[in-house]
Amino acid sequence: MIECDIVAGIIEGRQTDPKVRIASAAIEEFALRSLDGARIREIARKSGVNVAAISYHFGGKEGLYRAVISGVSDYFDKSVGPYYRRGKKVFSSGDADGAMNLAREFLIDMIRKFSGMKIVPALCLIMARETASPSGYFQRVYDSIYRRPVEFLSKLLVVASKGKVPPDVGIVFAQALWANVRSYSAKSDAVLRLHSWSDVGEAEIGLLERALSKVLMKTLK
C-alpha cells in the first residue's frame, strides 16, 4: 500500500522522500483550505519541490488528496487490524470479561497511539470537512475511521453486557466513546482547557483509563 507507506513516512519523519514531504505539506493545506481551496503552489513551496513534481508523483491536486485520504485510511486500518482480529475470537466465544477488557484496551491504545502524532489535529480537520461536506472520497473515510470502529465497539459492549445492552443502544454508547477518542487524540484546545492540561501524556492517559474503566463497569454490569 503505497499511500499507507507515505503516511507512515510522515509519522516517522522520513523527509528525504519528496513524496512524503509533498503529502505532509498537503495535509496542512487541505486541513486549512479544503480540497477546493488548497493551493498547489503553496504545497510545492512548503515541500521544497516544483509543481511539476506533484503532478509527476500524484497526478495533480485531486490525486494528491486521494492519496492522503487513502493513506490515512489504510494506515488506520493497519493499526486497528489486530484488535479486530482479537474481537472475532471474543464474539465467537461470548466472553463478557474479554469483551470489556478489549473495549477498554482498544479505546485507550488508540488515544495513546494517535495523540502522539503531530499530524492528527490536521487530519481531524480534514475528516471533519469530509463529514460536513462529503466529497467523492467520503465513503472511504466513513468506512475506515467511523463505521467499522463504532460497530466493533458496539459489538464488544453488547457481549460485555451479556446482552443487557441491545445493539441499537450499543451503537449510541460506542459512538459517544469513539467521539471522545477522536477529541483526546487531536488534543484540541477545548479538551486541554477543560482538564487544565498542557498535553495528553501517560499521566493523563492513565486518568482516562481509570475513568473509562469505571464508566464501563457501571454501564455494562
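Read-outs throughout are calculated quantities, based only on the coordinates presented, and are distinct from any laboratory measurement. Since the model is a prediction, treat every value here as computed from it, not as a measurement. Here Cβ is always computed from backbone atoms with ideal geometry, including for glycine, and neighbour counts include all displayed protein chains.
Residue exposure proxy: H57, H195, ordered by other Cβ atoms within 10 angstrom of their Cβ from fewest to most, comes out as H195, H57.
When Rg and Dmax are taken over the Cα atoms of the chain, they come to 18.9, 60 Å. Within segment 44-104, the ratio Rg/Rh, alpha carbon atoms throughout and Rh by Kirkwood, equals 1.36. Neighbour counts of C-beta atoms inside 10 Å place M217, M117 in the sequence M217, M117, starting with the fewest.
Let me make sure I get this right: for segment 1-108, a, b and c are the square roots of the gyration tensor eigenvalues over alpha carbons, sorted descending. Under 1.5 in a/c it's rounded, otherwise prolate if a/b > b/c, else oblate. Which is it? Judged from the Cα gyration tensor, segment 1-108 comes out prolate (a/c at least 1.5, a/b above b/c).
In degrees between 0 and 90, to the nearest 10, how far off the longest principal axis of the chain does helix 120-132 point, with axes built from Cα atoms? Approximately 80 degrees, to the nearest ten.
The fewest-to-most ranking of V141, V191 by surrounding Cβ atoms within 10 Å reads V191, V141. To the nearest ten degrees, helix 148-160 and the longest principal axis of the Cα atoms of the chain are 10 degrees apart.
Can you figure out the FRET efficiency of V215 with K89, using R₀ = 22 Å and their beta-carbon distance, to the nearest 0.05? The formula returns an efficiency of 0.35 here. Dipole magnitude for the chain: computed about the Cα centre from +1 point charges on Lys and Arg Cβ and -1 point charges on Asp and Glu Cβ, it is near 280 debye. Note on the chain: dipole from Cβ charges, positive end direction compared against A52, L107, L192; the farthest Cα belongs to L107. When the chain is treated as a Gaussian network with alpha carbon springs shorter than 10 Å, the biggest mean-square fluctuation among I205, I145, I126 belongs to I205.
Note on R41 and S79: the extension gain reaches 10.4 nm, defined as 0.36 nm multiplied by sequence separation minus the Cα-Cα distance. Nearest 10 degrees, 0 to 90: what angle lies between the long axis of helix 2-12 and the longest principal axis of the chain (Cα atoms)? In the chain, helix 2-12 runs at an angle near 80 degrees to the longest axis. Positive-end ranking of V90, Q175, G9 along the dipole of segment 2-220, with charges on Cβ about the Cα centre, is headed by V90.
Applying 1/(1 + (r/R0)^6) with R0 = 25 Å to the Cβ-Cβ distance of K113 and E62 gives a FRET efficiency near 0.25. Computed over the chain, relative contact order equals 21 percent, with contacts defined as Cα pairs under 8 Å that lie 6+ residues apart.
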